[in-house]
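Structure first, then comments.
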Amino acid sequence: MSEENSSSEPLSNHAIVEEICEPFILNDDKYQQIRDIFLDEIGRGLCKYTFKNAYVKFLMTFVEKLPSGCERGNFFGLHLDGTTLRILLINLHSEEDFQIEGANYELPESLLTGPGRDLFDFLAECLSKFIYKYELQEDELSLGFTFSFPIKQNKLTRGVLLPRTKGFCCSDVVGHDIVGLLQQAIKRRGDIHIPNIVILNETTGILISCAWQYREAKVGLIVDTAISISYLEKTKHIDQFKRGVNASPTMIINCKSDNFGNDGLLDFVRTPIDFALDNNSVNAGQQIYEKMTSGKYMGEIVRLIMLKCVDAGAMLRGNHSDQIRTPMSFNINFMSKIEAEDAGKDSIIRQIFEIMGYRRPTVEDCQHLRYICNLVSSRSAYLIAATLAALINHIGDPFVIIGVDGSVYRQYPTYSERLRKKLRKLSRPEYTFCLKLAEYGPGIGAALLAATTFAKKENS
């Protein structure tokens, strides 16, 4: 072809896809900006003059002690995550000698929408069955309750359920103390004795369980359908904490990063697709960071990119299927399977295209979809790395262990390695870190918090 005609030659399909995807590719300067903005958000969230109006909330957990290894006895963990109830028993003989027992109970969906009393009676019933199984019904027991819905705490033994909690619609629970409701249900049964109950969220449980194994654990992270972060803060930096003479020098802080960017601070890296996703969501203007990073939304971002590529005629012959027009029809499980397939193979990608209403995608279509999935998952990992880098720089310890859990981190191909490499680039060189996959879940962290809190009472 002549050189004169080449300048007017239409863009190839691949060039069009790359052009549509280009806003999702950020250089390290942009991620460093995000890191520095989040570092400012940490200061704003901890300062007594600004924390009330901060979009990123830094909530006190009142967990001031991490496991020392000296705890002894039987302690229970109760983990409620919305679909499953998990009960755990840890019997601590010594730091190296311990046993863990556990059981899962399916949580009927109706219990999350019916009377609150029914839910807590169900929890008490399951606890009773578990405790009787191990013949501990005559003992005075201690329990840590990992509650996966947002609560407001003013001490370890009290957590009030906040309003507008998605997925939790029980009557007579919002605005009430969750620990008190559980204790009332246990008292109604009268067959078990659990006077000592503490409450915490999942990420705090992850951090505690990792700190039990590694003294340098200072950060807990969950990458799942939502993003959750907790970290160990110096109490002298927490202006809202009224320190007494016996106050610990540290406290775990629950960092509500989901609303990072609600005030427009991330608009400089948001793409037109990010804005479209947010505008069409049920909570427009909220959870901006989570909509760019979490497993709940990554598949929808991929669908919207595909739709734009189809509209441009660069994918799937420009044809719309009913499925590709349906919001949330493409999920992160599809993405994970696509990225797990060996390069050069496309049988799994073709199966997923068929689910999406396309029976004969081209080889190029398969390559484009793999490319899109990789860009979206990489951006998620890199954005999380930017916030973690801010925390590492803020903590200022020469070595920090980050305990991590969540289905995206555990199961998504190479996600953890991408996060680690970007975190290394974004954190200050004098600070080193290690990402540790949580060997024990939040339920064990809850039991260990009960041990840390009530061990003296148990041993007296």
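Lys65 sits with roughly 120 Å² accessible to a 1.4 Å probe, with DNA, RNA and ligands left out of the calculation. Starting from the Kirkwood radius over alpha-carbon pairs of the chain, derive D by Stokes-Einstein at 37 °C in a medium of 0.692 mPa s and give it in µm² s⁻¹. Answer, rounded: 138 µm²/s. Rolling a 1.4 angstrom probe over the chain with all protein chains present gives an accessible area of which 48% lies on carbon and sulfur atoms. In summary, the lysines within cross-link reach of Lys308, defined as a Cα separation below 26 angstrom excluding same-chain residues under 8 places away, comprise Lys30, Lys291, Lys296, Lys337, Lys345.
Counting only residues at least eight positions apart within a chain, or on another chain, the aspartates and glutamates with an alpha carbon under 20 Å from that of Lys57 are Asp36, Asp40, Glu41, Glu202, Asp224, Glu233, Asp239, Asp258, Asp263, Asp267, Glu290.
Here the extension length gained between Glu439 and Asp311 equals 41.6 nm, from 0.36 nm per residue of separation less the Cα-Cα distance.
Averaged per residue, segment 337-405 has 38 square angstrom of accessible surface, using a 1.4 angstrom probe with ligands and nucleic acids left out.
Between Asn333 and Tyr134, full extension at 0.36 nm per residue minus the direct alpha carbon distance yields a gain of 67.8 nm. FRET efficiency for the Tyr49 to Thr225 pair, using the beta carbon distance and R₀ = 45 Å, is estimated at 0.85. Long hydrophobic helices in the chain: the complete DSSP H runs spanning 15 Å or more by Cα along their own axis with mean Kyte-Doolittle hydropathy of at least 0.0 are 116-133, 178-189, 202-213, 295-311, 363-395, 442-459. Straight Cα distances below 12 angstrom link Lys234 to the aspartates and glutamates Glu64, Asp397, with same-chain residues fewer than 8 positions distant left out. How about segment 107-198: which chymotrypsin sites (Phe, Trp or Tyr not before Pro) there are in a DSSP loop, with at most 14 other Cβ atoms within 10 Å of their Cβ? Here the sparse-neighbourhood loop sites are Tyr134.
Restricting to the chain, what percent of DSSP beta bridges are antiparallel, rounded to 5?
65
Among the GluC sites (Glu not before Pro) in segment 405-460, those located in a DSSP loop and surrounded by at most 11 other Cβ atoms within 10 Å of their own Cβ are Glu430. Note on Ile25 and Asp118: the extension gain reaches 28.6 nm, defined as 0.36 nm multiplied by sequence separation minus the Cα-Cα distance. Surface exposure of segment 46-186, expressed per residue as accessible area with a 1.4 Å probe, stands at 49 Å². Taking every lysine pair in segment 62-200 that is 8 or more places apart or spans two chains, those with Cα atoms closer than 23 Å amount to 6. Applying a DSSP loop filter and a limit of 15 other Cβ atoms within 10 Å to the chymotrypsin sites (Phe, Trp or Tyr not before Pro) in segment 250-286 leaves Phe268.
The values are calculated or read from the model by the stated rules, or taken from the named source; none is laboratory data. Small disclaimer: the values here were computed from a predicted structure and weren't measured. With ideal geometry, Cβ positions are generated from the backbone for all residues, glycine too; neighbour counts draw on all protein chains shown. Areas reflect the complete protein model, heavy atoms only, side chains present, ligands, DNA and RNA absent. Shrake-Rupley method; radii C 1.70, N 1.55, O 1.52, S 1.80 Å.
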